[in-house]
Structures are given as structure tokens and as C-alpha cells.
Amino acid sequence: MQGNTTTKPLIVEAQKRAWQVLEGCITSEGILASPANHDNYRRVWARDSMIAGIAGLLGNHSSVIEAMVQSVITLQKHQAANGQIPSNVGIDAPQTVSFGSLAGRVDATTWWVIGACLLISNQKESALKQALAQPIAKAFQVLKDWEMNGRGFIYTPLGGNWADEYISEGYNLYDQCLRLWALRIAGKVYENEQYIADAAALTTLIVNNYYYQEGSSNHYHAVAYQKAEPKPYFWFQFGPQGYDTRFDMAANALVLMLELHPEPTKLEEYLKELALTQGRWMLPVFYPVIQETDPEWFLLERNYSYSFKNKPHHFHNGGCWPVFMGWLGLGLAKHGLLGATQNMQEAISESLAAEEPPFSFHEYWAGDNNVPGGVKPLAYTATGVVLLQIATQLNCNEVIKKLF
């Protein structure tokens with residue numbers, strides 16, 4: 001079990017290298033997912049560039065912030081007629097524009113709205129505010145269209161968000177939380193009463209449908225809700241077939257950030273138990289892991305574009321992603337829960353130092369043996385290190401206020 005063994009210089013080195021990775025992802029078109037010419041990573045991705053840009057905003061890194069502005073502009077140039085923001089845009093001529101390969105990406109649109117509004121709010125970008133008012137309104141309209149039944153929740157297609165080769169499908173908590181954050185920040189920036197009202201309604205809907213509370217009401221799928229096993233965290237997703245109650249780190253990080261969890265200390269206790277199970281504070285992004293004998297396996301085994309990556313404990317299937325550990329750390333810190341945050345920071349710093357070569361910033365670490373895998377260097381991973389740096393600062397809560 002990893003404890004307080006990491007020396008401060010190692011953490012400082014990880015932070016310094018993380019900013020270097022982000023700087024190396026900057027181009028005239030925006031922030032790349034990775035400078036590595038591998039598969040489709042060397043492109044301006046909506047979620048990757050906005051997440052990296054947000055780290056730049058929180059860390060007051062001018063060149064990253066400037067590249068975030070360009071990312072927002074690049075992505076908006078290719079906004080679809082229905083309001084959808086591209087998943088990614090290539091930087092080489094002619095530019096390749098993708099809205100998703102096997103399925104459209106829901107979270108590209110929400111992350112773009114969040115990033116654009118945070119830029120406007122924090123950088124006092126009045127010209128950008130005016131220019132993006134209509135594109136943002138169109139983005140919210142397509143999110144409304146994606147409810148499918150008009151009842152308030154987005155319906156995500158299989159693989160329709162960041163976990164594009166996983167079993168994410170249906171009323172996915174992560175996508176509802178991103179939409180809520182987008183509505184809250186856009187409502188503040190544009191003083192838009194409809195956005196504010198929609199955010200209030202969605203807040204209630206999320207709390208009533210993803211966390212078991214005796215006596216709650218307004219359930220989307222009342223029969224399934226009553227049969228779902230209570231957990232100390234918010235459930236992963238549900239659909240007509242019922243609930244999937246596994247742990248989704250990204251979604252629960254957002255739950256903490258958005259102050260939705262009525263009992264955040266219960267979530268911290270769960271994380272401590274999970275760390276004991278793992279034998280380290282490199283925590284899996286989804287848990288439990290899907291094994292080949294599990295009924296969900298058939299949703300994994302053919303859902304990929306380049307090569308199959310979701311072996312048990314790998315990639316989305318129980319792999320450890322520093323980017324979402326960073327968001328989780330920020331969420332915990334917002335509630336004054338610093339122990340788990342510091343443990344994750346130490347674990348990531350040690351894991352980066354143990355790479356070959358050290359500080360390569362791989363995409364993820366295997367959940368069973370902590371071996372790094374995937375593409376390197378990745379802006380996602382560097383962003384996670386930066387977010388944990390911010391989460392452990394004395395003025396963390398003041399910095400987090402920039403996000404809302």
C-alpha cells in the first residue's frame with residue numbers, strides 16, 4: 001500500500017514535467033491530445049483541449065490559455081448545423097473533422113460549452129462572449145434534442161462519450177453532470193434565466209435518480225430505481241433494462257465538484273476501501289472490472305476502431321487514468337477531504353517516475369500491476385497532475401471558484 005513515502009521534490013518534478021507536456025501540445029489550431037503521430041491523437045479534441053485549457057486557467061498559464069482560446073475557435077468553426085461540436089479536428093490540411101467514428105460523442109459539445117464559458121468568465125473575453133452566444137444556444141438545443149423523450153436526461157449511445165470503447169450507454173451520469181455544469185456556467189455568464197432554471201431542474205433530477213435515498217421521488221425508471229443496490233457513490237448509468245451501479249470515477253468527480261453528493265464522506269470511505277483492494281492509490285476509472293465471463297463482455301469485445309484495448313484492468317476497463325484522479329482530487333478538496341487527494345498525488349508522482357523513460361506521461365496505468373499503457377505523452381495525463389497540484393494548494397477553494 002502506498003503511503004506518504006513520496007518526497008516533495010518528486011512531486012515538484014512531476015508538476016514541472018506536466019506543464020512541459022501541455023506546452024508541447026500547443027499548436028496554432030489549439031491544444032492537441034498528444035503530439036505523438038499515433039492513431040488520431042494528434043488532433044484538437046474538444047474534451048482534451050478544454051480540460052487542458054481549464055488546467056491552464058486554474059494555473060494562470062498564459063500560453064495554455066491562449067491555446068485554449070484557439071481550440072474554442074477551431075472547434076466552433078466546424079460546429080454542425082444542428083449545434084453539435086466536433087469530437088476532434090485535425091491540424092493538417094485538409095483538416096479532418098470527426099463527430100465520432102462508431103458513435104457520436106455527446107461530451108464534445110458539453111465540454112466545449114464549459115470551456116468557452118469559463119474562458120469568457122475568467123478572461124473577461126467580451127468579444128468572444130458576443131460571438132459565441134448563438135453557437136452556445138445551438139449547442140444547448142442539440143443537447144435538448146438528445147434527450148430523445150423530453151424528460152430531462154441525455155440518452156448517450158454506446159461508446160458516445162470519452163469512454164468510447166467501453167459500455168457507456170443510456171442515461172449516463174457523466175453526461176448529465178457535464179450538461180448541468182454547462183448550464184450553470186452559461187447561465188452565470190449570459191445571465192440567462194432559462195439556462196439557470198434548466199440547471200436547477202436538472203440538479204434535482206440527477207440527485208433523485210443516481211443516488212438511493214429513502215423517500216425520494218421523481219424517478220425516471222421507478223421500478224429499476226427500487227431494485228438498484230444502494231452505493232456510497234452515485235450510480236454509473238441506467239436505461240430501460242435497469243441500472244448499472246458500478247463506480248464511474250469521472251462522473252463522481254463531477255458530482256463532488258457540482259456539490260450534488262449529500263454524504264461526500266461516504267464516497268471518500270469507499271475510495272479508501274478501493275485503494276486497499278488495489279494495493280495502491282492508483283485507482284480504476286471504472287470498477288468493478290469486466291471479466292470475459294461477465295455478461296457485459298460482449299459489449300466490449302468488438303467495440304474498438306484500431307485495436308482491442310479493454311482487457312481486464314486495462315484502458316477503460318479498470319485502467320487508472322490520472323486525468324480523472326485529478327478531477328476527483330479537486331472534488332474531494334472542495335469538501336475538505338484532503339487525505340485521498342494527497343495519496344493520489346503521491347501515487348501518480350511515483351508511477352510517473354517509474355516509467356521507462358521516467359515521466360513519459362502514458363495514457364493510463366493497468367489496474368492490476370500498475371504498468372503504464374497507451375499513447376504517450378498525453379495532455380490528459382499531464383492535466384491530471386496539474387489538477388492534483390491545484391487540489392493540494394492552501395488556496396484551493398479560492399481557485400476552484402473560477403470553475404463556477
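Considering each residue of the stretch 24-34, count those that are assigned to a loop (DSSP other than H, G, I, E, B) and under 17 Å from His61 (Cβ atoms), and give that number.
Number satisfying all stated conditions: 2.
Is there a residue in the stretch 244-266 that is more than 16 Å from the chain's Cα centre (by Cα), farther than 17 Å from Lys334 by Cβ, not hydroxyl-bearing (Ser, Thr, Tyr) and not in a loop (DSSP other than H, G, I, E, B)?
Yes, there is a match, as at least one residue in the stretch 244-266 is more than 16 Å from the chain's Cα centre (by Cα), farther than 17 Å from Lys334 by Cβ, not hydroxyl-bearing (Ser, Thr, Tyr) and not in a loop (DSSP other than H, G, I, E, B).
For (1) under 30 Å from Glu259 (Cα atoms); (2) touching a His at 6+ places or on another chain (Cβ under 6 Å); (3) without any contact (Cβ under 8 Å) to a residue 40 or more places away in the chain, each residue gets a yes or a no:
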| residue | (1), (2), (3) |
| --- | --- |
| Leu299 | no, no, no |
| Ser305 | no, no, no |
| Gly319 | yes, no, no |
| Pro322 | yes, no, no |
| Val371 | no, no, yes |
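When only residues in the stretch 300-317 that are touching a Leu at 6+ places or on another chain (Cβ under 8 Å) and surrounded by 18 or more Cβ atoms within 10 Å (Cβ to Cβ) count, which is nearest to Gly374 (Cα to Cα)?
So the residue we want is Asn310.
Got a number for residues in the stretch 88-121 being at pLDDT below 95 and either within 22 Å of Ile65 (Cβ to Cβ) or part of a helix (DSSP H, G or I) (or both)?
Of the residues in that region, 1 qualify.
Restrict the check to the stretch 139-159 and report whether at least one residue is at pLDDT below 95 and either β-branched (Val, Ile, Thr) or buried (at least 22 other Cβ atoms within 10 Å of the Cβ) (or both).
There is at least one residue in the stretch 139-159 that is at pLDDT below 95 and either β-branched (Val, Ile, Thr) or buried (at least 22 other Cβ atoms within 10 Å of the Cβ) (or both).
When you check Val21 against the structure, is it part of a helix (DSSP H, G or I) and modelled with pLDDT of 95 or more, yes or no?
Taking the combined requirement at face value, the residue satisfies it.
Within the stretch 318-335, how many residues turn out to be surrounded by fewer than 18 Cβ atoms within 10 Å (Cβ to Cβ) and in contact with a Cys (Cβ under 8 Å, 6 or more places away or on another chain)?
0
Pick from Ala133, Ala127, Ala182, Ala137: which is on the phi < 0 side of the Ramachandran plot, part of a helix (DSSP H, G or I) and within 22 Å of the chain's Cα centre (by Cα)?
Unique residue meeting the criteria: Ala182.
The values are calculated or read from the model by the stated rules, or taken from the named source; none is laboratory data. Owing to the predicted nature of the structure, the values given are computational and were not obtained by experimental measurement. Positions of Cβ are generated from backbone atoms using ideal geometry, with glycine treated the same way; all protein chains shown enter the neighbour counts.
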